[in-house]
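The values are calculated or read from the model by the stated rules, or taken from the named source; none is laboratory data. Keep in mind it's a predicted model, so treat the numbers as computed, not measured. Cβ coordinates were reconstructed from backbone atoms using ideal geometry, including for glycine residues, and neighbour counts include every protein chain displayed. Surface areas here come from the heavy atoms of the whole protein model, side chains and all, with no ligands, DNA or RNA. Shrake-Rupley method; radii C 1.70, N 1.55, O 1.52, S 1.80 Å.
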Amino acid sequence: MATFVTRAQWGARTPTNVSGSITPEQGGVVVHHVDAVKVAEADHGDCAAQVRGIQNYHMDSNGWSDIAYSHLACVHGYLFQGRGEYVRTAAQGTTQGNDNWYAVCALTGGTSGDYDTVTAGLIDAIRYGINRLRVSGGAAQAITGHRDHHSTGCPGNLYSRVLSGEVNPGGGPLPFPGVSFRQPPATVHASVATWQYWMNSKHGYSLTVDGQYGPGSDAACRSFQSSKGLSVDGVVGPATWGAAFA
């Protein structure tokens with residue numbers, strides 16, 4: 001199990017404000033990375049200073065009340081306490097994202113062809129963070145990438161680890177988010193974008209990845225359900241989600 005590093009242990013500043021206005025049971029946990037350049041520290045002894053630097057940037061340059069993330073994970077298998085459980089984040093780039101979702105940030109970065117090494121310790125720390133946010137923070141089962149909420153490449157090469165379910169504490173495929181997608185009216189949820197991306201990349205569809213379950217997504221769902229011998233109702237519930245991510 002990853003080692004937990006408290007705010008006191010990494011030398012966190014006192015937040016200027018703490019907002020408990022978050023409803024994580026309506027969202028889940030979002031996985032982030034730091035940047036589009038490699039940032040992982042070779043020596044774990046430098047990771048606490050890196051987290052302090054992120055906090056300073058978020059507070060002093062961005063004007064935020066604290067470090068944006070709920071927790072941060074390093075490649076050495078440590079989980080650094082961020083804002084923590086039941087505290088609203090500033091990480092997702094949308095009001096709804098910050099209202100309903102926690103954020104776990106990997107202390108990694110890079111491009112698809114030149115990315116920090118994704119270690120077993122990093123994956124273990126991300127899983128530990130997600131599990132804490134579920135067990136102690138009431139997070140729903142959904143796990144998404146930052147790109148599912150906002151126009152960004154984040155979390156880089158970790159996104160495939162999200163889609164595969166590798167970062168899921170329970171193991172296995174990406175868990176059903178607890179929200180069935182249907183229309184009309186169109187379900188709007190970050191996990192819709194996750195499903196749309198997966199349907200395109202793994203099942204050959206050409207959906208607009210926008211997080212909105214409209215007529216195009218409904219048609220793709222019905223086609224997929226028919227091909228898998230499922231009940232054709234156009235609703236992405238547990239069975240259809242499970243078949244898509246199996």
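Could you count how many residues in the range 77-128 are small (Gly, Ala, Ser) and crowded, with 24+ Cβ neighbours inside 10 Å? Write out each step before concluding.
Here is the first cut: in the range 77-128, the ones small (Gly, Ala, Ser) are 77, 82, 84, 90-91, 93, 97, 103, 106, 109-110, 112-113, 120-121, 125.
From the residues that got through so far, the ones that are crowded, with 24+ Cβ neighbours inside 10 Å too are 82, 91, 103, 106, 125.
The qualifying residues number 5.
Within the range 201-221, track down each residue that is open to solvent by 20 Å² or more (accessible area, probe 1.4 Å) and closer than 17 Å to residue 242 by Cβ.
202, 203
Find all pairs meeting these conditions: Cβ atoms under 8 angstrom apart; at least six residues apart or on different chains; first residue within the range 183-195 and farther than 21 Å from residue 160 by Cβ; second residue of a type in the set (Asp, Glu) and assigned to a helix (DSSP H, G or I).
These pairs meet every condition: 183/218.
Among the numbered criteria (1) in contact (Cβ under 8 Å) with a residue 40 or more places away in the chain; (2) surrounded by fewer than 13 Cβ atoms within 10 Å (Cβ to Cβ); (3) among the polar types (S, T, N, Q), which one does residue 19 miss?
(2)
What are the residues in the range 67-83 that are without any contact (Cβ under 8 Å) to a residue 60 or more places away in the chain and more than 15 Å from residue 32 (Cβ to Cβ), if any?
76
Of everything in the range 185-200 that's open to solvent by 10 Å² or more (accessible area, probe 1.4 Å) and aromatic (Phe, Trp, Tyr), which residue is nearest to residue 214 (Cα to Cα)?
Once the filter is applied, the top-ranked residue is 197.
Going by the conditions given, is residue 158 hydrophobic (A, V, I, L, M, F, W, C), more than 18 Å from residue 23 (Cβ to Cβ) and open to solvent by less than 50 Å² (accessible area, probe 1.4 Å)? Step through it out loud before you land on a result.
Working: hydrophobic (A, V, I, L, M, F, W, C): yes; more than 18 Å from residue 23 (Cβ to Cβ): yes; open to solvent by less than 50 Å² (accessible area, probe 1.4 Å): yes.
Yes; evaluated as a whole, the condition is true for this residue.
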